[in-house]
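Notes to accompany the following structure.
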Amino acid sequence: MITISKVSKWYGKIQVLKNCSAEVAKGEVVVVCGPSGSGKSTLIKCVNALEPFQEGTITVEGISVGDPKTNLPKLRARIGMVFQHFELFPHLSVIRNLTLSQIKVLGRDPKAAAEKATKLLERVGLGAHAQKYPGQLSGGQQQRVAIARALAMDPIAMLFDEPTSALDPEMINEVLDVMVTLAKEGMTMIVVTHEMEFARKVANRVVFMDKGEIVEDAPTADFFGKPRSERAQQFLSKILQH
Amino acid sequence: MFSNIDWNVIIRSLPYLFFDGMRFTIMLTLMATAGGIVIGTLLALARLSNIPGLSQIAGTYVNLIRSMPLVLVIFWFYFLVPYIGQWITGASRPIQVGAFLSALVTFTLFEAAYFCEIMRAGIQSIPRGQVQAAQALGMPYWTSMLEIILPQAFRNMLPILLTQTIILFQDTSLVYVISVTDFLGAASKIAQRDGRLVEMYLFAAVVYFVISLAASYSVRRLQNRIAIIR
Ligand SMILES: Nc1ncnc2c1ncn2[C@@H]1O[C@H](COP(=O)(O)OP(=O)(O)O)[C@@H](O)[C@H]1O
Ligand SMILES: [Mg+2]
């Protein structure tokens, strides 16, 4: 469903993505991990064209992301994205955060949009908070709202960029639980995370990045069993110590 | 000169001062603020856009206006607006524009340059993640601007925008150079007519002071409230 093929990207003279290729099939969950600054965020932001890239191609259900003729807003509307720092709209109520783009982008009837939003809020356990503002919620609650907001657009795939790394430890699980459920329902997901328990539980494959390169792309069991690359082994031993 | 002060002259001229003079001053201030914010915001978007040339054109306009004394711009527009009107409508002779309209156009376009810089700072103060979140939800440029970025930028900048409006409120008195009667102009007329310069100018000073002070005080209170919401 998502094909990343030989993608390279530069910021000025600095190359941040080097010839990256990966494939995500429908219903697959792929976890992306790697040291900070290795290009994980940049890579998944290339998938919905939040970041432009100079070489290679990315296609989503056959539509080329880098093609100047592609209608990017339309493409992005079909791919959900969850950010490290939630990025809820602080001037809008929780329910409005969920209905705005349904109405303005998909052209849904406001009543239908509100019904959908309410259902999704209940699903992430926040039905009672619809009228609040994001600033009144805890980090974990905000991130669950952000997931619901993305789901409100009926995405064909979801991108997560370190969804739990800005959270206090006691709030991580409430967010991961929502993501696990989503994965088990068959959502196609690319998840940048260092939560290796999550990866073990639901990921089909683990992609390991370092210095802008995809160093390893292996089925989850293989990755945790015996990573082939030295760098992945080092990374794993560091991260699993915690 | 303080020997025979006649405060009654103020009482007698109150209706004229306020219903003619102050009404004009406030109308001009509010309308120029509204127009200036709208045009200033468009200029700010132009300055921040990556469409070739657009940013430079807007930047030149803003810098040009901001490097000129307001009085000069008022004069200029007073003589120029009729010709611009002629050019736009294709009329055979310069369009006669009333002094109010001329003043309104001048102040709007002049203030737009200042509001532009305020709104530009406001837009730039919104984290990049907000723009990306709006984009990721499929919002096109104008939707994300109107629904996400500008409301937040405007709210963050509201105290500064209002402070600029208070300055504008005082600056509107410069319309005397094109013989328009604002509040100060009205006070001035009575002062000359009745030979009551001290009373009238003192009174005018007090009125400007009280209104500006009350407005600044409200702005400060608003600022505190915004700080709490954020
Ligand atoms: N806007 C930018 N300008 C220049 N360099 C950037 C920019 N954004 C990210 N980078 C660089 O690109 C590299 C990859 O960043 P990123 O994708 O955020 O890494 P990760 O998400 O894996 O921590 C880093 O070296 C970072 O410094
Ligand atoms: Mg990152």
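Take every DSSP beta bridge with both residues inside the protein assembly as shown and express the antiparallel ones as a percent of the total, to the nearest 5.
Working: 20 of 37 bridges.
Antiparallel bridges make up about 55 percent of those DSSP assigns within the protein assembly as shown.
Among the trypsin sites (Lys or Arg not before Pro) in segment A:188-242, which ones are in a DSSP loop with at most 16 other Cβ atoms within 10 Å of the Cβ? Mind listing them?
On the way: sites: A:Arg200, A:Lys201, A:Arg205, A:Lys211, A:Arg228, A:Arg231, A:Lys238; in loops: A:Lys211, A:Arg228.
When the trypsin sites (Lys or Arg not before Pro) of segment A:188-242 are filtered for loop state and at most 16 Cβ neighbours within 10 Å, A:Lys211, A:Arg228 remain.
In terms of the Cα gyration tensor, with a ≥ b ≥ c the square roots of its eigenvalues, is segment A:49-96 rounded because a/c is under 1.5, prolate because a/b exceeds b/c, or oblate?
Working: a/c = 2.90, a/b = 2.16, b/c = 1.34.
Taking the square roots of the gyration eigenvalues as a ≥ b ≥ c, segment A:49-96 is prolate.
Magnitude of the Cβ-charge dipole of the protein assembly as shown, K/R +1 and D/E -1, about the Cα centre, nearest 20 debye? Each step should come with its number before you reach the end.
Working: 45 positive and 35 negative charges, 69 e Å.
Here the protein assembly as shown has a charge dipole of around 340 debye.
Determine, for each peptide in B:212-224, B:53-65, A:172-184, the mean count of other beta carbons within 10 angstrom over its residues, then list the peptides with the highest first.
A:172-184, B:53-65, B:212-224
Compute the long axis of helix A:139-151 from its Cα atoms, compare it with the longest principal axis of the Cα atoms of chain A, and write down the angle in degrees, 0 to 90, nearest 10.
With rounding to tens, the tilt is 90 degrees.
At a 10 Å Cβ-Cβ cut-off, how would you order A:Ser21, B:Ser173, fewest neighbours first? Write down the numbers at each step before the final one.
Working: A:Ser21 14, B:Ser173 18.
Listing A:Ser21, B:Ser173 from fewest to most nearby Cβ atoms yields A:Ser21, B:Ser173.
Based on the mean of other beta carbon atoms within 10 Å per residue, what is the order of B:179-192, A:38-51, most packed first?
Peptide ranking by packing, descending: A:38-51, B:179-192.
With Kirkwood's inverse mean 1/r over C-alpha pairs for Rh, give me the Rg to Rh ratio of segment B:148-196, two decimals please.
Value, to two decimals: 1.31.
First check a/c for segment B:2-229, with a ≥ b ≥ c the square roots of the eigenvalues of its C-alpha gyration tensor; if it is under 1.5, answer rounded, and if not, answer prolate when a/b is larger than b/c or oblate otherwise.
On the way: a/c = 3.09, a/b = 1.55, b/c = 2.00.
Cα axes put segment B:2-229 in the oblate bin.
What average number of partner chain Cβ atoms lie no more than 10 Å from the Cβ of the residues making up B:122-135?
So the per-residue partner count for this stretch is 4.
Show me the trypsin sites (Lys or Arg not before Pro) within segment A:107-160 that DSSP assigns to loop and that have at most 16 other Cβ atoms within 10 Å of their Cβ.
Sparse-neighbourhood loop trypsin sites (Lys or Arg not before Pro): A:Lys132.
Using modelled backbone amide H atoms (1.01 Å from N, in-plane), which distant-in-sequence or interchain residues come within less than 5 Å of A:Thr188's amide H?
Under 5 Å from the amide H of A:Thr188 lie the amide H atoms of A:Gly27, A:Met158, each far enough along the sequence or on another chain.
Counting other C-beta atoms within 10 Å, and keeping those with at most 15, which DSSP coil GluC sites (Glu not before Pro) do you find in segment A:4-108?
Those satisfying the criteria are A:Glu61.
When a/c reaches 1.5 or more, the comparison of a/b and b/c decides; with that in mind, is the protein assembly as shown rounded, prolate or oblate per its Cα gyration tensor?
Prolate.
Between helix A:230-241 and chain A, what is the angle of the helix's C-alpha long axis to the longest principal axis, kept within 0 to 90° and rounded to the nearest 10?
That helix lies at roughly 50 degrees to the long axis.
Name the residue from B:Thr108, A:Ile95, A:Ala22 whose Cα lies farthest towards the positive end of the charge dipole of the protein assembly as shown, charges +1 on Cβ of Lys and Arg and -1 on Cβ of Asp and Glu.
It is B:Thr108.
Treating only the Cβ of Lys, Arg, Asp and Glu as charged (+1, +1, -1, -1), what charge dipole size does chain A show about its Cα centre? Round to the nearest 20 debye.
540
With θ taken as phi - 60° and the coefficients 6.51, -1.76 and 1.60, list the Karplus ³J(HN,Hα) couplings across segment B:119-132 in order, rounded to whole Hz; mark glycine and proline as x.
With the stated coefficients, segment B:119-132 comes to 5, 4, 4, x, 5, 5, 7, 7, x, 4, x, 5, 4, 5 Hz.
Can you put B:Ile160, A:Ile214 in order of Cβ neighbours within 10 angstrom, beginning with the fewest? Don't skip to the end; give the middle numbers.
Working: B:Ile160 18, A:Ile214 22.
Taking fewest neighbouring Cβ atoms as first place, the list is B:Ile160, A:Ile214.
Projected onto the charge dipole of the protein assembly as shown (+1 at Lys/Arg Cβ, -1 at Asp/Glu Cβ, origin at the Cα centre), which of A:Ala113, A:Gly56, A:Met179 gives the Cα projection farthest towards the positive end?
Result: A:Ala113, furthest along the dipole toward the positive end.
Only the coordinates and a few stated rules stand behind these numbers; no lab work does. Just so you know, these numbers come straight off a predicted model, no measurement behind them. For neighbour counting, all protein chains shown are included, and Cβ atoms are generated from backbone atoms with ideal geometry for every residue, glycine included.
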